[in-house]
1. Subtract the Cα-Cα distance of Ala41 and Ala85 from 0.36 nm times their separation in residues, and report this length gain in nm to one decimal.
2. Counting only the heavy atoms of the protein chains, how much of Leu116 is accessible to a 1.4 Å probe, in Å² to the nearest 10?
3. Given a 1.4 Å probe and the protein chains all in place, what does the accessible area of Asp106 round to, in Å² to the nearest 10?
4. On full extension of the chain, what length is gained from Gln29 through Gln115, given 0.36 nm per residue of separation minus the C-alpha to C-alpha distance?
Amino acid sequence: MKSFFIAALAVFCVAFAGCSNAPALPSLQQQFVQMCPVVNADLAVLAASPSLTVAQQTMLKTQIIPANQLICSSGAALNVTNLKAFHDSLLPVAIGIVQATPAIPDQPMVLLALQLFGPVLQGLIDQAITTIAPAAPVAASAPIDA
């Protein structure tokens, strides 16, 4: 029993020793760069899907895809206004189209990609806003006399 405990402890120590060398998580910018081609491809396939109505295809082709291509092509010079417009109005429309059309091939995966893209966009927006306009310092309050 004692040797089993020592062996288990050794395995435990080796397992946690490997965790200290784990790679760092990618930054929001890196995630955005990695996700853009996936989202662009998903939107292009979606726009060509016969499962969608003509109005949905038109919305994707004329508004959603060009806006996504614009934010994805901007690279390091991200425009907060374009990111916010896409995140707040066009991405929810694209997600709604996918949710409402279960006949789309790989619908769960397309939906997942779009839903994961939203928080990354919001993170970039928040990051840009705090970089552009840092919060004003708060004045200290006067001491309270007792």
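The values are calculated or read from the model by the stated rules, or taken from the named source; none is laboratory data. Predicted model, so just to flag it, every value in this text is computed and none were measured. Just the protein is used for accessible areas: all its heavy atoms, side chains included, with ligands, DNA and RNA removed. Shrake-Rupley method; radii C 1.70, N 1.55, O 1.52, S 1.80 Å.
1. 13.8 nm
2. 90
3. Using a 1.4 Å probe on the heavy atoms, I get roughly 110 Å².
4. The span from Gln29 to Gln115 would gain 29.3 nm if fully extended.
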